[in-house]
Amino acid sequence: MTQWIRWWGLGVFVALVLLWWLCIDSIISYSIESFGSKAVGAKVEVASSELKLAPLSLSIKGLAITNPDRPMENLWYSDDIQLQLDSSFLLRRQVIVEQANVSGLQFNSPRRSSGALSKSKAKASSSPGLGEQIKTGAKDMLPDPKQVIANEKAAIKAKVDDIEQRIKTLEQQWQQRIDELPNKEDIAAYKQRWKALKKKNWLEKIADTKALQKDINQDIDQLNDLEKQLDKDKAKLKGLIQEAKELPEKEADRLLAKAGYSGGSAQLAQSLFGDQAKQWLNQLTGLFKNVASSKPAEAVKPARGEGQWITFTEQQPHPDFLIKQAKLSGNFKLLGDSIDFTGHAQDITHQAKRWPQPTRFSLQGNSTQGASFNSQGSIDLRNKPTSEMSLNVKQLSINELILSASDSMPIKLNSARLQGDAQMAISADNLAFNGKGLFTQTQFKVANTDSNSQQIIAGLLQDIDSFDLQLGLKGDIEQPELSLKSNLDKALSKAFGQQASKKMDQYKQDLRAQLSAELAPQLQGLTQDADFITAIKEQLANKQNELKVFSKGLL
């Protein structure tokens, strides 16, 4: 019996099993880091992993996923992940997790070292942010009128050209009408008909005279209708000339409004806070945007001489990786407050088309400062990609929040309480985000500055104890357009109206004077072009008199 056992073979088998058992944890960690880094485009790191066979489960400690756009920040970090695996699917190279417990979860946490891969580069903005724009523009918040007009010259000229074209169109229409009216040849023809019918008998003479009189009366009626139309067009022409005369005043108001100095200062508030607002929104929505984006992964061409796994149609298909249920707990920073949260997620997979359910999640949290946080959403990439998320915060404690990072005018919200909600939706590669919040118990900190305009803003913010803020993102998911509204707009506008009204009035006068000088030649030409109406009126009157005189001779 002992001859049937090849002891050296058994020894090799035992050695292989022992080697596998000793190395499997390291192999799993390496596989997660290797495949994860390729998928994310940045470092994915695992502190340790442990595989257990009875029951089949996997423990992953210290999983860190780098944000590819910010290499010094982790998009995801978890202290511990416990996965209960379905062993029947492993032989089919499918990892199906029945239950996952994720603890110590953190979003957007800082890294000690860069997580960028050697060949990857962080995305750089193609244009300066609003904060950079205000660095160069805040020192002189009222630009040179000549420069303003030079920048808007094409738009201003287009408005004058439009008025000029409308006047010319009226003139052309009237010239065509005049050309269609009875001329000298038509009058001569009437006279010739009159001479001819005089030679006819009295019955023919009566009939032909009525026909001639009818034709002449039709021409007279046409002239009367044109006279009424002329009065209407004369009023229209007067309105066009008045519009042209008011153009310098209206353009001055428009240009001031465009610069943020109209009845409200929405653009001024957006210039002050817009750059930082984009950073807040990126941190708040970054993870959701990454996982909900519908851009398909690039197909990897298999190496020459190597096979590839082919997926066949199944009655109950399963993706290669799926987490059916997951319990979540952890902590994250939100606008300076630390939120401890719990939650759950279900149906998590990277192959949405091979699973009948969308990914859903729900999070609830509180802070030691009394804040509450709630968020829920779904990610559906199965057919037409549609994903959505909503969140609500109450009594969020804000500390040392940077509103403006401009070197020329840094503004910080030292402390405040925030209550607000937001909704976010991603359809295909389009993003829509709307959020609104009320800040109370506010305390601002504004650096000293030599600019009068900035001193006005600084003084105003010191007296404000509450304000509302509405933020929006809309458009392409990579470069959405930002909108920002706040009741600070009215306060800023009022402050400028009270403390800088003289400067603004003088500036408007200078701007209007520059516009008048720029537009004077064209406006003078428009007045001359409008003189055609007088000549038209004279021509109509002459034709009316000529026909009426001839018509009376027929009676």
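Does Ile533 count as of a type in the set (Val, Ile, Thr), touching a helix residue (DSSP H, G or I) at 6+ places or on another chain (Cβ under 7 Å) and at pLDDT 75 or above?
It is false that Ile533 is of a type in the set (Val, Ile, Thr), touching a helix residue (DSSP H, G or I) at 6+ places or on another chain (Cβ under 7 Å) and at pLDDT 75 or above.
Any residue that is charged (D, E, K, R) and either modelled with pLDDT under 85 or within 23 Å of Glu73 (Cα to Cα) (or both) - is there at least one of those in the range 320-337?
yes
Residue-by-condition table, conditions (1) buried (at least 16 other Cβ atoms within 10 Å of the Cβ); (2) among the acidic types (Asp, Glu):
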residue	(1), (2)
Lys327	no, no
Leu335	yes, no
Thr342	no, no
Asp347	yes, yes
Trp355	yes, no
Asp380	yes, yes
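Here is a yes/no grid of residues against (1) over 30 Å from Phe433 (Cα atoms); (2) modelled with pLDDT under 75; (3) in contact with a Gly (Cβ under 8 Å, 6 or more places away or on another chain):
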residue: Ala189; (1), (2), (3): yes, yes, no
residue: Lys199; (1), (2), (3): yes, yes, no
residue: Ala252; (1), (2), (3): yes, yes, no
residue: Thr285; (1), (2), (3): no, yes, no
residue: Phe288; (1), (2), (3): no, yes, yes
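Quick check on this structure: which one of Ile134, Ile167, Ile156, Ile163 is modelled with pLDDT of 70 or more, surrounded by 17 or more Cβ atoms within 10 Å (Cβ to Cβ), more than 25 Å from Ala235 (Cβ to Cβ) and among the β-branched types (Val, Ile, Thr)?
Details: Ile134 fails: modelled with pLDDT of 70 or more; Ile167 fails: more than 25 Å from Ala235 (Cβ to Cβ); Ile163 fails: more than 25 Å from Ala235 (Cβ to Cβ).
That would be Ile156, the only listed residue that is modelled with pLDDT of 70 or more, surrounded by 17 or more Cβ atoms within 10 Å (Cβ to Cβ), more than 25 Å from Ala235 (Cβ to Cβ) and among the β-branched types (Val, Ile, Thr).
Looking only at the range 382-415, count every residue that is at negative phi and part of a strand (DSSP E or B) and tell me the total.
Residues in the range 382-415 being at negative phi and part of a strand (DSSP E or B): 22 in total.
Does Ser362 fit the bill of being part of a strand (DSSP E or B), surrounded by fewer than 21 Cβ atoms within 10 Å (Cβ to Cβ) and polar (S, T, N, Q)?
Taking the combined requirement at face value, the residue satisfies it.
What residue, of Gln376, Gln395, is more than 30 Å from Ala428 (Cα to Cα) and modelled with pLDDT of 90 or more?
Gln395
Scan the range 367-381 residue by residue and report those that are within 18 Å of Gly437 (Cβ to Cβ) and either part of a strand (DSSP E or B) or of a type in the set (Asp, Glu) (or both).
Ser372, Phe373, Asn374, Ser375
Any residue at all in the range 35-58 that's surrounded by 13 or more Cβ atoms within 10 Å (Cβ to Cβ), at pLDDT below 90 and of a type in the set (Val, Ile, Thr)?
For the range 35-58, residues surrounded by 13 or more Cβ atoms within 10 Å (Cβ to Cβ), at pLDDT below 90 and of a type in the set (Val, Ile, Thr): present.
Among the candidates Ile348, Ile411, which residue alone is within 30 Å of Leu460 (Cβ to Cβ) and either touching a Leu at 6+ places or on another chain (Cβ under 7 Å) or among the β-branched types (Val, Ile, Thr) (or both)?
Ile411
Residue by residue, here is whether (1) over 19 Å from Ala326 (Cα atoms); (2) in contact with a strand residue (DSSP E or B) (Cβ under 6 Å, 6 or more places away or on another chain); (3) β-branched (Val, Ile, Thr) holds:
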{"residue": "Pro358", "(1), (2), (3)": "no, yes, no"}
{"residue": "Thr368", "(1), (2), (3)": "yes, no, yes"}
{"residue": "Ser378", "(1), (2), (3)": "no, yes, no"}
{"residue": "Thr386", "(1), (2), (3)": "yes, yes, yes"}
{"residue": "Val393", "(1), (2), (3)": "yes, yes, yes"}
{"residue": "Ile398", "(1), (2), (3)": "yes, yes, yes"}
{"residue": "Ser406", "(1), (2), (3)": "yes, no, no"}
{"residue": "Gln423", "(1), (2), (3)": "yes, yes, no"}
{"residue": "Asn430", "(1), (2), (3)": "yes, no, no"}
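Restricting attention to the range 341-370, report how many residues are among the charged types (D, E, K, R) and over 32 Å from the mean Cα position of the chain (by Cα).
Of the range 341-370, the ones among the charged types (D, E, K, R) are 347, 353-354, 360.
Subset that is over 32 Å from the mean Cα position of the chain (by Cα): 354.
Qualifying residue count for the region: 1.
Which condition from (1) modelled with pLDDT under 70; (2) in contact with a helix residue (DSSP H, G or I) (Cβ under 7 Å, 6 or more places away or on another chain) is the one that Gln528 breaks?
For Gln528, the exception is condition (2).
The values are calculated or read from the model by the stated rules, or taken from the named source; none is laboratory data. Keep in mind that what you see is a predicted model, and the values were worked out from it rather than measured. Here the Cβ is made from the backbone with ideal geometry for all residues, glycine too, and neighbour counts use every protein chain on show.
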